[in-house]
Structures are given as C-alpha cells and as structure tokens.
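Here the structure is laid out as structure tokens; the discussion comes afterwards.
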Amino acid sequence: MTELTVYHLASGATADPQFPGIPATFGNDAAARQAVVAGVALIDRSHWSRILVGDAERLRFLHNQSTADFLASKPGDCLDTVFVNSTGRTIDLATALILESEVLLLFSPGQGAAMLELMDRYIFPADRVTLQAASDRLVTFSTIGPESDGLVTKLGGALQSGHQVLQIGNWAVRVATGCGLGLPGHTWFVETAGAELLWQQLTETAVPMGDRLWEELRIQQGRPAVDRELTVDYNPLEVGLWQTISFSKGCYIGQETIARLNTYKGVKQYLWGIELGQEVPIGSALTLAGEKVGILTSCSRGIQPVRGLVYLKSKAGGVGLQVQVADTSGEILPLPFVSHEYPQGS
C-alpha cells in the first residue's frame, strides 16, 4: 500500500475493488459532480499505464506504430493517438507527451505490459529506440472542470496548449492540457515520492473524486474504454476518433484499411450515447422494428438517468432515434468526445 493510498483512505475514500489503491469514491459524488460543472474536481489516475519511449528514432518509431503524425510534433506538444493492429482494428487510445529526449505515453489501465510487448515486437536490433515501463516511478492525476485553468496559474503555470513543468515544493511536476474527457481540464505527472504533496496542493482548491464518477463521466462524454468500445471488433473511424488520425502521413500499421474506409466512406456503424429506461446488461442488442441495429457496450450503474454507449448501424439513424434494448427503450444521444464527420480536406 503506497503512502498516497493510505492518505486517500484516511481522507474517507473507499477503495476500488477493480483497481487496488485507487479510490472508488470519497463519499462526495454529488459535490464532485458539481465541481466538474462549475469548479474543479481531482481524480487519481495512477492505475493508468505509463511508458517512456526514448533514443534517436523514437518519433519515427511511434509515427509508424500509431495513427498520429509524430514526425510533425515537437517538444512541449501533447497528442492523442490510436494503436491499431494490421487490419486497422483498435488496441488502445493513448496520450503522448513529447519531451526533449523521450515520449511519455499514457495508456489505459492495465495495458502497460501488453503495450510494451506489442511495441517491442517491432523494434529490430539496429533500431535506435528504447522502451521503459514508468508506471512505478510516476503517478498521474487529472483535474476536471472550468476552474482547472485557474489552478494551473495559481501554482505558477501558464495557460497554454501542450505541456509544461511546474516546481511544486521539491518536485518537478509536468502538467498537460486535457483531462482525458471531452471536458476542460489538465493531467498531472510527478515522481511517486512527490504524489502525496501534489495531491494535497491540488485539493486545496479541487474536490477529490473517485473512479466510480470517472466511469459515469466517461460514458456521458463517450471516452471509449479497452474491452468495451476499444476492441478488435472496431476501427478508429467507427469509434469516432477522427481527431487522432493523420490521413496524410503515409504508412503505419493498419493504415491501408483506415485510408480505404475514409476514401470510400465505408464506415457502417458509429459509437453513440444512449439514455435508457433502466439498467440493462452490456452486450444487449439494439433493435428497431424487430431488426438488430446495434449493441450496448457500456452502461452506467446506480444513477439516473441511466446512460450507455452503443455501436449503431449508420443506416439506422442517429441522434433522437428510439430503439429497443433488452426489456427497455432507449434514445440515441450525441457524444462530446467523438466525431462522426469526415475531416475536411482529408
């Protein structure tokens, strides 16, 4: 049990059974929801996986491994990218911080070992690329809400895109614009030994929130999750991750399939939100006039209204469509985090 975990528990947190050491809730979900809307909330994302990619060919390597244009990036940039397989199907959505001599990648919870193995498979003896697991030496927090900018400036930072380093106590803290959702916010990285101090500094302003509320927000915003919306059953265009894809950078793993889908407008289904009359099992079919038109991939629990994420056939319709899901009805909703439009000029 880390010092930060002990601190969380002493602050009233209930541990998350799925992610040991991470708070499921601080018993203040109503206050945290309000902070997301009108203030700033703080969540511990240290169960998300961190990998450092180094050496001279790091940018070219990542450029060839995922959907974003790494060769056009520079130190200080922050970008999202999708790792896909050879047929263009999704593996994980990652956030990349371009450092002076490394790239820091933030992957989904529990994906570190698998992503290290996957990337290492494509490194040959002559390649000047190194991979290093960094989950044990770094912790990650996110601040979420309209007052997150003010928290950055309060701690001596500038309002800018990308990422920057702040000095907080004895610790160099890297803060990146974006919280991993379609909401205003920032993501913070610090050495493990400085985690408790940074959390204390941030909670002087921010309201702590647990992973249970993150899941609620993830579904509302449409942030896809591994083994739910990010699986080899779907490609990044179906997921709606257009903003992560460069259609002009040339070859990368899975590029041919993705380019063909874009060129020939071949996307047959999209990720949408849904409001449901009641909770239903994940994997339930969506039907319209007795015909299956989609599938439920996520569903919120214990809150009203019940929200979910679904893949819906393009020909069936979109926002406002009424469908049947198991023993209840549902209405299709838009999602702030994703897009269903072909990028202009692509």
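The values are calculated or read from the model by the stated rules, or taken from the named source; none is laboratory data. Keep in mind that what you see is a predicted model, and the values were worked out from it rather than measured. Don't worry about glycine lacking a Cβ; one is built from the backbone with ideal geometry, like all the others, and counts go over all protein chains shown. The protein model used for the area step is the full one, side chains on, heavy atoms only, and it has no ligands, DNA or RNA in it. Shrake-Rupley method; radii C 1.70, N 1.55, O 1.52, S 1.80 Å.
Every condition in (1) open to solvent by 30 Å² or more (accessible area, probe 1.4 Å); (2) within 27 Å of D211 (Cβ to Cβ) holds for L106 except the one numbered (1). One residue is enough: does region 241-254 have a residue meeting the conditions at pLDDT 95 or above, surrounded by 18 or more Cβ atoms within 10 Å (Cβ to Cβ) and under 24 Å from G317 (Cβ atoms)? Within region 241-254, one or more residues are at pLDDT 95 or above, surrounded by 18 or more Cβ atoms within 10 Å (Cβ to Cβ) and under 24 Å from G317 (Cβ atoms).
Starting from region 326-346, take each residue that is within 21 Å of I282 (Cβ to Cβ) and list its partners that are modelled with pLDDT under 90 and in a loop (DSSP other than H, G, I, E, B), counting only C-beta distances under 8 angstrom and pairs at least six apart or across chains. Nothing qualifies. Being part of a strand (DSSP E or B) and within 21 Å of P109 (Cα to Cα) is a condition met by no residue of region 192-206. Looking across region 264-284, the residues that are small (G, A, S) and either free of Cβ contacts under 8 Å to residues at least 24 places away in the same chain or open to solvent by 40 Å² or more (accessible area, probe 1.4 Å) (or both) come down to G266, G277, G283. N262 meets each of the listed conditions (1) modelled with pLDDT of 95 or more; (2) in a helix (DSSP H, G or I) apart from (1). Only one of the listed residues (A113, A94) is in contact with a Leu (Cβ under 6 Å, 6 or more places away or on another chain), farther than 21 Å from G194 by Cβ, aliphatic (A, V, I, L, M) and modelled with pLDDT of 95 or more. That residue is A94.
Within region 152-172, the presence of a residue that is within 29 Å of I303 (Cα to Cα) and in a loop (DSSP other than H, G, I, E, B) is excluded. Just the residues that are among the acidic types (D, E) and either more than 21 Å from V36 (Cβ to Cβ) or open to solvent by less than 10 Å² (accessible area, probe 1.4 Å) (or both), please, taken from region 117-156. Matches in region 117-156: E117, D120, D127, D136.
Just one of the listed residues (F83, F107, F61) is more than 21 Å from the chain's Cα centre (by Cα), modelled with pLDDT of 95 or more and of a type outside the set (D, E), namely F61. In region 90-117, the residues that are within 25 Å of E238 (Cα to Cα) and part of a strand (DSSP E or B) reach residues that are acidic (D, E) and open to solvent by 40 Å² or more (accessible area, probe 1.4 Å) with C-beta atoms within less than 8 angstrom, at least six apart or across chains, in these pairs: L93/D80; A94/D80; T95/D80; A96/D80. Contact map, region 122-146: first residue modelled with pLDDT of 95 or more, second residue outside any strand (DSSP E or B) and acidic (D, E), Cβ cut-off under 9 Å, separation 6 or more or different chains; pairs are D127/D55; D127/E57; R128/D55; R128/E57; V129/D55; V129/E57; T130/D55; L131/D120.
Could you please let me know if I219 is in contact (Cβ under 8 Å) with a residue 60 or more places away in the chain, open to solvent by less than 40 Å² (accessible area, probe 1.4 Å) and among the β-branched types (V, I, T)?
Here the answer is yes, as I219 does meet what is asked.
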